[in-house]
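Notes to accompany the following structure.
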Amino acid sequence: MSSASSNLQLWKEYRIPLVCLALGVATLSIVLSNKNNASSDDSNNDAKDKKTKVDKIVKDMEQDLTIPDLSQEATARVVESATADQRPLQHQGLKKADFRKLPKVIRKKPKKKQAELDAAPAASGCCGGKNKPEGDNSTGCCGGKYKSNDAAAENAVVSSGCACSSTVEQIPAPVLAKIDPLLLPELIEPMKIFFSTITGTAKVFAQQLAASAVARGLPQPKLIDIVDYDTEDFLTESSLSIFILSTYNVEGPNDWFLKWLEDTRFDWRVQKESLSKLKFSVFGLGDSAYGEEFCNGPRSADKWLGQMGAQRVWPFGEGDKNGDQGGAFKQWNDALLASLLDPNQSHTHEAYFSSDEEDGASASEHDDDDEVDEDGEPVKKTKEEKLGLPTIDGGDASEGEMVDLEDMGNVAIKIKQAKEEKALDEEAYANQNVRAKRSVGETKDGKALKVREVREMVSPLLYKSLTKQGYKIIGSHSGVKICRWTKAALRGRGFCYKHSFYGIQSHLCMETTPSLACANKCVFCWRHHTNPVGTEWRWKVDDPEFILEGALDNHYGMLKQLKGVPGVRADRFVEAQQVKHCALSLVGEPIFYPHINEFVKLLHKKHISSFLVTNAQFPDAIANMDPVTQLYVSVDASTKESLKKIDRPLFRDFWERFLDSLDALGKKGQRTVYRLTLVKDFNTDEIANYVELIRRGQPDFIEIKGVTYCGYGGASGLTMANVPYHAEVVRFVELIQEQLGAGYEIAAEHAHSCSILVASTKFKKGDKWYTHIDYDKFFELVESGQKFTSLDYMAETPEWAYFGAPEGGFDPEETRYFRKTKEQRKIERERREEEEEQQQDDEEEDDE
């Protein structure tokens, strides 16, 4: 009893610990059992996943060598091991020892033998999807519809490329057999075509190159706008890269890329061979009219890429806008692709000078002091390493190490030496690429040199472009065109702003120019830059009599075509047969014509007034100009930077020429005008600078008008957002007048043209303005041969032309024409339909 009682007592005392112990043991057993089961399952799953992963990689490689990174490395290793006459297709053609060196995952043999692959037709187009020709066994990887090679060539567009278009199987056997094995890795991975453009020309050429590559059986290239590419990625870029770069003397898409190239090239902390993985070629687009600036950006890119170790696969090419630019690119394009497909042709052209050679010396001449590595191979040193400068990638400075203060003197000396070597490099480059100048005379052998025949300004292509725009070409460098205000005046629908400001009737005015060439390429030029440009006259010269007679004949001929136009008034049409005014502002630079004074004298002899406009780039011509009825100077900007941005002048000293032209204008002593064209976001915030220019030239009048939008495209970049409202122009003029102070006031306006006239107060008598011209008096003064001023032939301005008048500068005797709105046209159309139906019903009733 006592024993049972004792056991019960023990149970009561230890039951809780015992139960906890039992539960713990059971739990531990369960946990261990689950862990073993899970471990076993994980091992099985890992094995299955590994096998699946390996199978997937192998399958991907059989379809496309460029999908996984591993396949690219394997391909490069195969190419290095294969001989020139072997086809480097996966592991075909390798020796057994080389085959065993490859990763195990790619040792699986292809499903088809090499002979079968050769016999099988190449996969066409981007994907071997639906609608394939019979016999095409390609599987494709994009799941898209089948595309033929021709279609792919025609539809070469900007894209990121397609994996299935970059496989060796996609390259036809005849093409593959020609490809240099050294270039095969770059061609297996599609070449990249980088372009920079504003007008779209470079992009079009890039698409043509891509289409040509596809047509020749090469993989579809990737087209990349250079502004969308991270420049730092060039340091690791290994694809064959083609650059098609445009040239701009203002801000353009090349700026950041060229700035990065220059900084990287001359940064002594960056290794000189930093772009050694890159294979490249450059084609530049430009305008030879800019002289030394022609293709300077693309040429610099080609030079700096080569100096940083990149391998040039084809020499630099260039296309001139003034020549056969398309033909030049096609020739370069064909030669480039032919070189890529010809293994016997050299693919690395050390143009200009080599990155490993200096001053024409070969590398072997410097090998005496070169170091060698553990394998006995020479170690290449960069220029910075030879100078002892620290570099980012190594050199004397360890990573993150700072230069000690006491070492700054030595570093400064070495930097100075590096700058001197840079100057020598630039001089060597310039001397090596200097263009031969044309010579006249005899050679040392006594043989006569060929003298280039003077060509005509208007080429057949330019003639076609200008005549399409409505111009009539006179001789070799002149033109005439009917102004839209002439057409409006013939129909009694009003005159241009010159009628409000100076009393000209538009139907009596002829707009012409003796020189279609210009020295600027203004962003707002409504001739769309189809005219030639230049800084000096280099064309044939026509006689002024021939030009004037041709202009009048063509002008009258165009007027006759308007005889049957609805609304043309008979009295106006008869009056228009005698031209009384000539606006020398059609296109180009009239004062550029060598015989401009003789031409103006012929106009005055026929009692035709002369309104000559110049772009302020020929100060000597302005100073030598005989009196004209009114002499204009275009003042499109008030600072050097904005003038270059808006006018895009060809002269390098354009700003000095601009200021000298204003000075020359102020000394003329005749009727002078500043013409300001306002372009929002370009030149509307430079009030104080404009005031200084006005005080400098002291013009009689200042015409201020808003830019006219004519559907600009291409390089100008202008839209309707850049066109100011009339109220904005008025506010700008008021600010100008306020800062000018006494001496100038707002005289007249032509709201329809968004134009305001600011006049010198010497043309104001009491409350009356005298901005109009007494043309008969002007011709009397010219024929007298005596010296006269602008005050001698002024006439009173009508009140309807005053600034602030209710008419807004529109002659009240004319009929104002308003364009009908869409709703008004709809109402009128419905009214006409109702009238026609009513007339038809009446006719049916009469028949009954």
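The values are calculated or read from the model by the stated rules, or taken from the named source; none is laboratory data. Owing to the predicted nature of the structure, the values given are computational and were not obtained by experimental measurement. For neighbour counting, all protein chains shown are included, and Cβ atoms are generated from backbone atoms with ideal geometry for every residue, glycine included.
How many residues are surrounded by 20 or more Cβ atoms within 10 Å (Cβ to Cβ) and assigned to a helix (DSSP H, G or I) when one looks only at the stretch 208-242?
The qualifying residues number 7.
Which pairs have Cβ atoms under 7 Å, sit 6 or more apart or on different chains, and link a residue in the stretch 555-568 that is within 12 Å of THR486 (Cβ to Cβ) to one that is in a helix (DSSP H, G or I) and basic (Lys, Arg)?
The qualifying pairs are LEU562/LYS487.
Residue-wise test of (1) more than 26 Å from ASN689 (Cα to Cα); (2) of a type in the set (Asp, Glu); (3) part of a loop (DSSP other than H, G, I, E, B); (4) more than 48 Å from the chain's Cα centre (by Cα).
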position	(1), (2), (3), (4)
ILE746	no, no, no, no
THR797	yes, no, yes, no
ASP811	yes, yes, yes, no
GLU836	yes, yes, no, yes
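Please determine, by comparing only the residues of the stretch 271-282 that are modelled with pLDDT of 85 or more and out of contact with any Asp or Glu (no Cβ under 7 Å at 6 or more places or on another chain), which one is nearest to LYS203 (Cα to Cα).
This residue is SER281.
Are any residues in the stretch 648-667 touching a strand residue (DSSP E or B) at 6+ places or on another chain (Cβ under 8 Å) and either buried (at least 19 other Cβ atoms within 10 Å of the Cβ) or among the aliphatic types (A, V, I, L, M) (or both), and if so, which ones?
Taking the stretch 648-667 and keeping what is touching a strand residue (DSSP E or B) at 6+ places or on another chain (Cβ under 8 Å), we get 650, 661-662, 665-666.
Result: LEU650, SER661, LEU662, LEU665.
Would you mention how many residues in the stretch 679-689 are farther than 18 Å from ASP660 by Cβ and either modelled with pLDDT of 95 or more or assigned to a helix (DSSP H, G or I) (or both)?
Looking only at the stretch 679-689, we keep the residues that are farther than 18 Å from ASP660 by Cβ, and these are 679-688.
Within this subset, residues satisfying the condition of being either modelled with pLDDT of 95 or more or assigned to a helix (DSSP H, G or I) (or both) are 687-688.
Qualifying residue count for the region: 2.
Are there any pairs, at least 6 apart or on different chains, whose C-beta atoms fall under 7 Å, with the first in the stretch 195-219 and under 13 Å from LEU336 (Cβ atoms) and free of Cβ contacts under 8 Å to residues at least 60 places away in the same chain and the second surrounded by 23 or more Cβ atoms within 10 Å (Cβ to Cβ) and among the β-branched types (Val, Ile, Thr), and if so, which?
ALA206/ILE193; ALA206/ILE244; ALA210/ILE193
Cβ contacts < 6 Å: first residue within 19 Å of LEU336 (Cβ to Cβ), restricted to the stretch 274-287; second residue buried (at least 24 other Cβ atoms within 10 Å of the Cβ) and among the aromatic types (Phe, Trp, Tyr), any location; separation 6+ or different chain. Result?
Once the first residue is within 19 Å of LEU336 (Cβ to Cβ) and sits in the stretch 274-287, its partners that are buried (at least 24 other Cβ atoms within 10 Å of the Cβ) and among the aromatic types (Phe, Trp, Tyr) give SER281/TRP314; VAL282/PHE243.
Could you grab the pairs with beta carbons closer than 6 Å, sequence gap of 6+ or different chains, first residue in the stretch 793-809 and surrounded by fewer than 16 Cβ atoms within 10 Å (Cβ to Cβ), second one in a loop (DSSP other than H, G, I, E, B) and among the hydroxyl-bearing types (Ser, Thr, Tyr)?
Listed pairs, sorted by first residue: GLU796/TYR770.
Kindly indicate the residue of the stretch 259-296 that is of a type in the set (Asp, Glu) and part of a loop (DSSP other than H, G, I, E, B) and also surrounded by the fewest Cβ atoms within 10 Å (Cβ to Cβ) among those meeting that condition. Write out each step before concluding.
Restricting attention to the stretch 259-296, the residues satisfying the condition of being of a type in the set (Asp, Glu) are 262-263, 267, 273, 287, 292-293.
Applying the additional criterion that residues be part of a loop (DSSP other than H, G, I, E, B) yields 267, 273, 287.
Values: ASP267: 14, GLU273: 17, ASP287: 22.
Filtering the stretch 259-296 for residues that are of a type in the set (Asp, Glu) and part of a loop (DSSP other than H, G, I, E, B), the one surrounded by the fewest Cβ atoms within 10 Å (Cβ to Cβ) comes out as ASP267.
Looking at the stretch 707-726, can you tell me whether even one residue there is modelled with pLDDT under 95, under 18 Å from VAL633 (Cβ atoms), surrounded by 14 or more Cβ atoms within 10 Å (Cβ to Cβ) and in the same structural domain as LYS521 (by TED's automatic domain parsing)?
Filtering the stretch 707-726 for residues modelled with pLDDT under 95 gives 707-726.
Going one step further and asking which of them are under 18 Å from VAL633 (Cβ atoms), we end up with 707.
Then keep just the ones that are surrounded by 14 or more Cβ atoms within 10 Å (Cβ to Cβ); that gives 707.
Narrowing the set further to residues that are in the same structural domain as LYS521 (by TED's automatic domain parsing) leaves 707.
Within the stretch 707-726, one or more residues are modelled with pLDDT under 95, under 18 Å from VAL633 (Cβ atoms), surrounded by 14 or more Cβ atoms within 10 Å (Cβ to Cβ) and in the same structural domain as LYS521 (by TED's automatic domain parsing).
Could you list, in sequence order, all residues of the stretch 621-632 that are touching a residue at least 40 places away in the same chain (Cβ under 8 Å) and either in a helix (DSSP H, G or I) or touching a strand residue (DSSP E or B) at 6+ places or on another chain (Cβ under 6 Å) (or both)?
Of the residues in the stretch 621-632, the ones touching a residue at least 40 places away in the same chain (Cβ under 8 Å) are 622-623, 625, 627-632.
Correct list: ILE622, ALA623, VAL628, THR629, GLN630, LEU631, TYR632.
Residue-wise test of (1) out of contact with any Pro (no Cβ under 9 Å at 6 or more places or on another chain); (2) outside any helix (DSSP H, G or I); (3) modelled with pLDDT of 85 or more; (4) within 22 Å of ALA211 (Cβ to Cβ).
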{"position": "PRO315", "(1), (2), (3), (4)": "yes, yes, yes, no"}
{"position": "GLU318", "(1), (2), (3), (4)": "no, yes, yes, yes"}
{"position": "GLY323", "(1), (2), (3), (4)": "yes, yes, no, no"}
{"position": "LYS330", "(1), (2), (3), (4)": "yes, no, yes, yes"}
{"position": "LEU337", "(1), (2), (3), (4)": "yes, no, yes, yes"}
{"position": "PRO343", "(1), (2), (3), (4)": "no, yes, no, no"}
{"position": "HIS349", "(1), (2), (3), (4)": "no, yes, no, no"}
{"position": "SER355", "(1), (2), (3), (4)": "yes, yes, no, no"}
{"position": "ASP359", "(1), (2), (3), (4)": "yes, yes, no, no"}
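Look at the stretch 565-596 and say how many of its residues are assigned to a loop (DSSP other than H, G, I, E, B), within 21 Å of ASP774 (Cα to Cα) and under 33 Å from the mean Cα position of the chain (by Cα).
0
Condition check: in a loop (DSSP other than H, G, I, E, B) and surrounded by fewer than 17 Cβ atoms within 10 Å (Cβ to Cβ). Does ARG731 satisfy that?
On the way: in a loop (DSSP other than H, G, I, E, B): no; surrounded by fewer than 17 Cβ atoms within 10 Å (Cβ to Cβ): yes.
It is false that ARG731 is in a loop (DSSP other than H, G, I, E, B) and surrounded by fewer than 17 Cβ atoms within 10 Å (Cβ to Cβ).
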